[in-house]
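The values are calculated or read from the model by the stated rules, or taken from the named source; none is laboratory data. Not measured: the values here are computed from a predicted model. Please note: Cβ atoms are built from the backbone with ideal geometry, for glycine as well, and neighbour counts cover all protein chains shown.
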Amino acid sequence: MSKIGRIPVQIPENVRADIKEDVIVIEGPKGSVSVDMQSNIKVLIEAGEIRAECSKTDDPQISAKWGLVRSLIFNAVAGVSEGFSKELELIGVGYRAEKLGNGLRLFVGYSHPVDISAPDGITFEIEGNTNIKVLGIDKQKVGQIAADIRDVRKPEPYKGKGIKYKDEIVKRKQGKVAKAAAA
């Protein structure tokens, strides 16, 4: 049985949840998110909380889906009430970002700028020229767009240049000169 699936999700006062056929629609001050329900998982909304229930079974797949559905519902409630964000840093001489409509234009050492468009529900904030904040209500979309931006120029291990997450630690390597001097 899933330990996560048993925990009910508390609904804040400014959030509404409805079940429509095989979809749970959660609406809040930042927008609305829909979560698909899995088969064999029953979702109940009662007394200010959402409960995911599962019939007792020995199938580990159903138990895993039970915990997954509960986590998706929790993330949807958190997203519509507070929102999610990922912060990225550009490190390198001449590396900068600028807002382009509702997207981004990155200058990261290529001969051309790289344009990234924002999908629905995602916004970008730029602090200085080198800090990017990806904001949205869908945790998966925010994480995916942040990963796509990072993939434009991953941080390299010798000088540390590239795009990295704010809290990411890039493990540095010694260069050839440092190795030769040590020997």
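In the stretch 30-49, the residue that is farthest from ALA78 (Cα to Cα) out of those that are in contact (Cβ under 8 Å) with a residue 12 or more places away in the chain and in a loop (DSSP other than H, G, I, E, B) is ASN40. Just for the stretch 29-60: of the residues that are over 22 Å from VAL80 (Cα atoms) and at pLDDT below 80, which one is surrounded by the most Cβ atoms within 10 Å (Cβ to Cβ)? Checked the stretch 29-60; the qualifying residue surrounded by the most Cβ atoms within 10 Å (Cβ to Cβ) is THR57. Considering the stretch 6-29, the residues that are in a loop (DSSP other than H, G, I, E, B) and in contact with an Asp or Glu (Cβ under 8 Å, 6 or more places away or on another chain) include one that is nearest to GLY67 (Cα to Cα), namely PRO8.
When the criteria are applied in full, GLY92 fails the requirement of being touching an Asp or Glu at 6+ places or on another chain (Cβ under 8 Å), over 30 Å from VAL25 (Cα atoms) and either buried (at least 19 other Cβ atoms within 10 Å of the Cβ) or in contact (Cβ under 8 Å) with a residue 60 or more places away in the chain (or both). Does LYS65 satisfy the condition of being in contact with a strand residue (DSSP E or B) (Cβ under 8 Å, 6 or more places away or on another chain), surrounded by 18 or more Cβ atoms within 10 Å (Cβ to Cβ) and modelled with pLDDT of 85 or more? For LYS65, the condition - in contact with a strand residue (DSSP E or B) (Cβ under 8 Å, 6 or more places away or on another chain), surrounded by 18 or more Cβ atoms within 10 Å (Cβ to Cβ) and modelled with pLDDT of 85 or more - is met.
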